[in-house]
1. Of all residues in the range 134-157, how many are in contact (Cβ under 8 Å) with a residue 12 or more places away in the chain and assigned to a helix (DSSP H, G or I)?
2. With the requirement that a residue be more than 12 Å from LEU29 (Cβ to Cβ) and either in contact (Cβ under 8 Å) with a residue 40 or more places away in the chain or among the basic types (Lys, Arg) (or both), what does the range 104-116 give you?
3. Suppose we filter TYR56, TYR76, TYR129 for residues that are among the aromatic types (Phe, Trp, Tyr) and within 20 Å of LYS32 (Cα to Cα); which single one remains?
4. Restricting attention to the range 96-124, and to residues there that are in a helix (DSSP H, G or I) and small (Gly, Ala, Ser), which single residue is nearest to GLN55 (Cα to Cα)?
5. With the checklist (1) of a type in the set (Lys, Arg); (2) within 26 Å of PRO3 (Cβ to Cβ); (3) buried (at least 17 other Cβ atoms within 10 Å of the Cβ) in hand, flag the one item LYS130 doesn't pass.
6. Only residues that are touching a Ser or Thr at 6+ places or on another chain (Cβ under 9 Å) and surrounded by fewer than 19 Cβ atoms within 10 Å (Cβ to Cβ): list them for the range 31-48, please.
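Bear in mind that the values in this text are calculations on the coordinates, not laboratory data. Fair warning: this is a prediction, and the values are worked out from it, not measured in the lab. Note that we place each Cβ from the backbone using ideal geometry, even for glycine, and neighbour counts take in every protein chain shown.
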Amino acid sequence: MEPKIGITPEHRSATAQKLNKVLADEFILYTKTRKAHWNVEGPDFHAQHLFFESQYEQLDETMDEVAERIRMLGHYAPGTLAEFLKLTQLSEKLREGNDSLGFIRELLIDHESIIINLRADVNLFANEYKDMGTSDFLTALMETHEKMAWMLRAHLR
């Protein structure tokens, strides 16, 4: 049954398409954070292992929330690796070495990229698509990424 929530089908579709890209970015970032958790080495191993775990757990919740927002709009969320790789704007950088600072720098770049994209979309959803709910949702998501980026950035000072 189609949602009748005061947003035109065209706007719901456009919003879902944008959110599919957000979900793909979240999944790629989650995967890269998981890799850091599994592979970090060095004298700070234990602390960084736990730190990356706390970050990927946050991203896991975020992915679920984004997928559920897509479903609330009456659309289906992507869920395969192929779909995510096609939709994401992030790259799957291959790096040598498993030091925590290298992982942190990479993850910080991705968080900041996501923040910039979310910030650009907040007004689009509110003004063009008349979807204040998704606009507010993206604002909260942006704030989550800003905090996660701050935590990563603090390791680099």
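1. Of the residues in that region, 15 qualify.
2. ILE104, ARG105
3. When all the criteria are applied, what remains is TYR56.
4. Checking each candidate, the answer is SER100.
5. Status for LYS130: all satisfied but (3).
6. Once the filter is applied, which keeps residues that are touching a Ser or Thr at 6+ places or on another chain (Cβ under 9 Å) and surrounded by fewer than 19 Cβ atoms within 10 Å (Cβ to Cβ), the range 31-48 yields GLU41, GLY42, ASP44, PHE45, ALA47.
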